[in-house]
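For reference, the structure is listed below as structure tokens.
The values are calculated or read from the model by the stated rules, or taken from the named source; none is laboratory data. As the structure is a computational prediction, the values presented were derived from the model and not from experiment. Cβ placement follows ideal geometry from the backbone for every residue including glycine, while neighbour counts extend to all protein chains displayed. Heads up: the accessible areas ignore ligands, DNA and RNA and are worked out on the full protein's heavy atoms, side chains in. Shrake-Rupley method; radii C 1.70, N 1.55, O 1.52, S 1.80 Å.
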Amino acid sequence: MKRYAVAVLLFAPPLLLHAQDTRHVIEPVIPPACTVLKAQLHATSNALGEEDEKKLDSERIQKAMDHCGEGKAVVLKSDGVSNAFLSGPLELRNGVTLMIDKGVTLYASRDPRLFDATPDTCGITGPQAKNCLALINVRDVKNAAVMGDGVIDGRGDKQILGKTFTWWQQSRAMEPTNTKYSAPRLIVANHADGLILYRIRLHNSPNFHVTVSNTNGFTAWGVHLLTPTVRGTDARNTDGIDPGSSENVTVAKSWIDNGDDNIAIKASVHHMSVLDNHFYSGHGMSMGSEARDESDIYVDTLTLDHTTSGIRIKSNVQRGGIVRGVSYRNVCMRNVAMPISISPFYTGQTTDGIEDTGLKGDMTPDYKGIHIEDVLSITPGIVQVAGLNKDHISEVTLNGVEVRGIQPAQMRARFAAFTYGPKGANISFSGEGVTSNPATPPAVKPTLSCDGKFVPYED
């Protein structure tokens, strides 16, 4: 078994060792089974028959988890022909693993009433819309897990029962007026210390895939997240993995291809490691938009292939705050429109600007100690860094940073202080409130090769 924490120490320089998960994280192990449940439904071409929509497996799965001992797993398995389970919300239990075997899919029901946290409020729009229950809920438990090589499919692309539209179509229809709407998430964890996601495939969530809050110790290892599974389908607001108000978080060796932020680090996250991952469609390695009270974040060995942004910190005066000690190393990008974007002027759009939008608020974004080292974009794109004003300068170190083919108009900055390391950079900035040390960056001396790093999504 590979001890991943040792690998971290091998490529993390001493000055950055504090800026990561403080746990000794190793590859998880699937526990022995307490119960094996056989599938009773058959999906063809990733679809259940209409006659199966009432044949819920929720009760027997939940009963098995309720009676499973800590340190063991409830296994969902094919019987050789049947390959699918259908469920409404499930609750994980202390120390219990839900293990989905290879070739098996756990589908979310399309019935919004099953996901009501408050009666008749899930799947509606407007002021009465309330948060829905998730398909998998992890609340006030420790050391729970979801594992296996099977699939959890939220069916965001399927028509909601009783409606004429899908979950994603509802989301897109509400966008122009920013109208509130409600849709289930795939996995929601709160007060879930020791939570593990291991090797699981996550597909087609109606909304965010994974949100974790108020948790000390969360590991996602070898997760394969693909949304939409039908290419070209519009899957709005389907973030990948979003931790918030948590500490000691590791996302490692995962593959994320989705319709919004691949990872979005929300407010009050400390000691997080993002190690050896591949991102595809999505909005990149994001921090925010609730970027406040965040520190000791470490991203190492990441490829971003045709994401809209690469390294992205986004917030505004209604969501922002102090961000300190964020490090990015060994990052390869191609066909990324904005390889680096650090802005306090987030407006809810896919990409951000660096000009003051006039928004009013007292939650002041303040970004310091941002370290970007050995980063290479093999295609040109915009690099932009902004602070809020002369009293809140964004401070960024660039060391061995290269964006091939970048043009002067693509280098933008305001109220930002740059420090260049000895490996240099091929980007420089001028503008209001901009300083550089040294004034002219050293010629870039790249030590990172991206040859062979861009590989197809691994399913």
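The table that follows gives values for the structure above.
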quantity: Trypsin sites (Lys or Arg not before Pro) restricted to the stretch 410-459 and DSSP loop, no more than 12 other C-beta within 10 Å; calculated: none
quantity: When the stretch 134-292 is reduced to its Cα atoms, the Kirkwood hydrodynamic radius in Å; calculated: 15.6
quantity: Among [x] 15, 32, 30, 17, 7, 0; [y] 17, 34, 24, 15, 7, 3, 0; [z] 25, 56, 18, 1, the entry that matches P(r) over Cα pairs in 20 Å bins from 0, in percent as calculated here; calculated: [z]
quantity: Solvent-accessible ranking of R312, R113, largest area first, probe 1.4 Å; calculated: R113, R312
quantity: Whole-percent carbon and sulfur share, accessible surface of the chain, 1.4 Å; calculated: 51
quantity: Directionally averaged projected area (convex hull, Cα atoms, the stretch 129-171), nm²; calculated: 4.7
quantity: Cβ-based charge dipole, the chain, positive-most Cα from I30, F218, G156; calculated: I30
quantity: Debye, to nearest 20: dipole size of the chain, +1 on Lys, Arg Cβ, -1 on Asp, Glu Cβ; calculated: 180
quantity: Across K63/K253; K54/K130; K266/K360; K38/K63; K38/K253; K55/K163, pairs whose alpha-carbon gap is larger than 26 Å; calculated: K63/K253; K38/K253
quantity: Total charge dipole magnitude, the stretch 233-379, about the Cα centre, Cβ charges on Lys, Arg, Asp, Glu only, Debye to nearest 20; calculated: 100
quantity: Equivalent ellipsoid dimensions for the stretch 375-459 as semi-axes, Å, which come from the Cα gyration tensor, largest first; calculated: 26, 15, 12
quantity: Rounded accessible area of K142 (nearest 10 Å², 1.4 Å probe); calculated: 120
quantity: Full-stretch length increase - S45, N214 - with 0.36 nm per residue and alpha-carbon distance subtracted; calculated: 57.0 nm
quantity: Candidates per GluC sites (Glu not before Pro) in the stretch 258-366, loop by DSSP, up to 16 other Cβ within 10 Å; calculated: E355
quantity: Per-residue [θ]222 nm for the chain (sum of -39500 (n - 2.57) over DSSP H runs n ≥ 4, rounded to 500); calculated: -1500 deg cm²/dmol
quantity: Gain in span if fully extended, H24 to T350, counting 0.36 nm per residue against the direct Cα distance; calculated: 113.8 nm
quantity: Pairwise FRET efficiency - T233 versus D52, Cβ, R0 = 25 Å, nearest 0.05; calculated: 0.65
quantity: log10 of Debye I(q)/I(0), alpha-carbon scatterers only, for the stretch 44-166 at 0.15, 0.17 Å⁻¹; calculated: -0.73, -0.92
quantity: Contour minus Cα-Cα distance for H67 and C450 (0.36 nm per residue); calculated: 133.0 nm
quantity: Contact order normalised by residue count of the chain, Cα under 8 Å, 6+ apart, percent; calculated: 8
quantity: Rg to Rh quotient for the stretch 206-267, alpha carbon positions, Kirkwood Rh; calculated: 0.99
quantity: Quarter of Cα convex hull surface for the stretch 290-418, i.e. mean projection, nm²; calculated: 7.0
quantity: In the stretch 14-83, trypsin sites (Lys or Arg not before Pro) in a DSSP loop with at most 16 other beta-carbon atoms within 10 Å; calculated: K54, K55
quantity: Kirkwood Rh in Å, taken over the stretch 24-72 so that all alpha-carbon pairs contribute; calculated: 13.7
quantity: Average accessible surface area per residue within the stretch 278-320, 1.4 Å rolling probe, Å²; calculated: 20
quantity: Share antiparallel - DSSP beta bridges, the chain, percent rounded to 5; calculated: 5
